[in-house]
Amino acid sequence: MVYIHPEECIDCEACVPECPVEAIFHEDNLPSEWTDYTALNAELASQCPVITEQKESMESEGNCAAANG
């Protein structure tokens, strides 16, 4: 799971079309049923390392189970 830190985000929305499950929204477009998760996202994002480089997608590995080891 990936979390977006609200203080680190620059609101460029580059991540929105990249999400394979369409789970990323700009805060102005967040559906009302997901607003309760905003605080949880901020809390968990602060506990995760910042991603600084692009990695190969698990789908391109051919098998997600194999990629998870």
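The values are calculated or read from the model by the stated rules, or taken from the named source; none is laboratory data. This is a predicted model, so every value here is computed, not measured. In this analysis, Cβ positions are derived from the backbone assuming ideal geometry, glycine residues included, and neighbour counts consider all displayed protein chains.
Observations on the structure shown:
- When Leu40 is tested against (1) at pLDDT 90 or above; (2) part of a loop (DSSP other than H, G, I, E, B), just one condition goes unmet, and that condition is (2).
- Selection from region 27-39 of residues that are under 19 Å from Ile10 (Cα atoms) and either loosely packed, with under 10 Cβ neighbours inside 10 Å or not small (Gly, Ala, Ser) (or both): Glu27, Asp28, Asn29, Leu30, Thr38
- The set of residues from region 16-27 being modelled with pLDDT of 90 or more and over 12 Å from the mean Cα position of the chain (by Cα) is empty.
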